[in-house]
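> Below is one structure. I have some questions about it.
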Amino acid sequence: MAAGGYEILALVDPDGTARRDASRIWGARAVGKIVADTTGIENADLVVVAGAGDARATQIDQALKLRPKVLLVEKPLAADAASGRRIVEAIAAQGATLRVNFNRRFDPGHAAIKARLAATPRKIVMRYGKGLRNYASHMIDLLLDWFGQVDCVQAFGDPPTDDGPLDFRCRMTSGFDAVLLGMNGLGYDQFEIDLFFADHRLELADGGVVKRGYGAVQGRVYAGYTHLTDAPEILHRGIVGGFVETYRAVGGFLATGKPLGGCGPEDALAGLAIIDAALASARSGGKAIDPNAR
């Protein structure tokens, strides 16, 4: 609602207390346990699917009954790429525009990093917690948004249980490796990214809250050697957002046809395929897997 221009037609939640609270706070026209309960709502410009991932296909099938122009789905879009393709096909058949809510694409701080990507990195190191389909999926989406296609994926170590951490590398089509390191058992959160370039380094630190740039200088510590500056440039500092910006972008698309950024069907499926490939590589003992091969 902070984005402006929206009216909430209906709210759906399986929890009765959540439904009552939502209705009181937001004043929706209809509130129900499932979409079928929200009678009288036949069309909606935007439908948001934000329920549990294991019921994603059913939720999207219900959401499409409202004939939305835009369907905004929380990540993950599906449990795997095959399920994701079926969902994408169903949405396309309905004529709706799909976006997966990887909010960092619209976050101002991440946009500040993207604006500094004039060169190709030599290597990227990413450290994540909270599992493959949670934090790692955000990192994969940033790779796709910033640098394009992944050619192959190779895991290090045994397959994770449930959605646990996994170490793996993504070989980018543009010719460098992004290494993702899954963290578990720490007393602190991890969503950290280091981008190494020939003459500088960019960093997302403190859970992605702080974005810094480091330049190369001669002899800062030892004569005859080149080091990174000890007083980095702060590119952006602030809580990771992008949610209000997402809804503003959707509103502009609906009102004027302005091009809608964000994670569309192609990148959503590519991200799922990369996770599938990382798991397949772990199961195969570290074989390199092409995520683009079905």
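> What's the long-distance tail for the chain, i.e. % of Cα pairs beyond 33 Å? Let's see the in-between values first.
Details: 12910 of 43071 pairs.
Considering the chain, 30 percent of its Cα-Cα pairs are separated by more than 33 Å.
> Another question, if that's okay. If the only charges are +1 at each Lys and Arg Cβ and -1 at each Asp and Glu Cβ, what is the size of the charge dipole of the chain around the Cα centre, to the nearest 20 debye?
Details: 34 positive and 34 negative charges, 82 e Å.
Dipole about the Cα centre, nearest 20: 400 debye.
> What ranking do 274-280, 65-71 get when scored by the average of other Cβ atoms within 10 Å per residue, highest first?
Working: 274-280: 22.1, 65-71: 17.9.
Those peptides, ordered most packed to least, come out 274-280, 65-71.
> So, one more: Quick one: check the C-alpha center-to-center distance for the range 165-203 versus the range 76-120, whole angstrom.
20 Å
> Take the eigenvalues of the Cα gyration tensor for the range 1-121, scale each by 5, and report the square roots as semi-axes in whole Å, largest first.
Values: eigenvalues 160, 75, 38 Å².
Computed over the range 1-121, the values are 28, 19, 14 Å.
> When you have a sec, figure out the Kirkwood radius of the range 137-227 from all distinct Cα pair distances and drop it here in Å to one decimal? Could you put the intermediate results ahead of the total?
Details: mean 1/r = 0.0652 Å⁻¹.
So the Kirkwood estimate lands at 15.3 Å.
> Once label points are set 7 Å from the Cα along Cα→Cβ at both Leu260 and Thr120, what is their separation, rounded to one decimal in nm?
3.3 nm
> Just from its helices, what would the mean residue ellipticity at 222 nm be for the chain, if runs of 4 or more DSSP H residues each count -39500 (n - 2.57) and the sum is divided by every residue, rounded to the nearest 500 deg cm²/dmol? If you can, show how the numbers build up before the last one.
Numbers: 7 runs with 85 residues, N = 294.
Estimated from H runs of four or more residues: -9000 deg cm²/dmol.
> Would any residue of the range 147-169 have its amide N under 17 Å from a label point 7 Å out along Cα→Cβ of Ala288? List them or say none.
Of the residues in the range 147-169, 149-157, 168-169 have backbone N under 17 Å from the label point off Ala288.
> Got a sec? Charge dipole of the range 99-232, +1 on Cβ for Lys and Arg, -1 for Asp and Glu; which of Gly187, Cys170, Asn103 is way out at the positive end?
After comparing all options, I get Asn103.
> With label points built 7 Å along Cα→Cβ from the Cα atoms of Ala30 and Ala198, find their separation and express it in nm.
So the label points at Ala30 and Ala198 sit 6.0 nm apart.
> I'd like the FRET efficiency for Ala57 and Ser23, computed as 1/(1 + (r/R0)^6) with the beta carbon distance as r and R0 of 30 Å, rounded to 0.05. Numbers along the way, then the final one.
On the way: r = 27 Å, r/R0 = 0.90.
For R0 = 30 Å, the calculated efficiency reads 0.65.
> Follow-up. Which of the peptides 32-44, 106-118 is most tightly packed, and how do the rest follow, judged by the mean count of other Cβ atoms within 10 Å per residue? Numbers along the way, then the final one.
Details: 32-44: 13.7, 106-118: 16.4.
Descending packing order for the listed peptides: 106-118, 32-44.
> Another question, then. For a quick size check, give me the Cα extents of the range 192-268 along its three principal axes, largest first, whole Å.
59, 25, 21
Read-outs throughout are calculated quantities, based only on the coordinates presented, and are distinct from any laboratory measurement. Remember, predicted model here, so these are calculated numbers, not experimental data. Don't worry about glycine lacking a Cβ; one is built from the backbone with ideal geometry, like all the others, and counts go over all protein chains shown.
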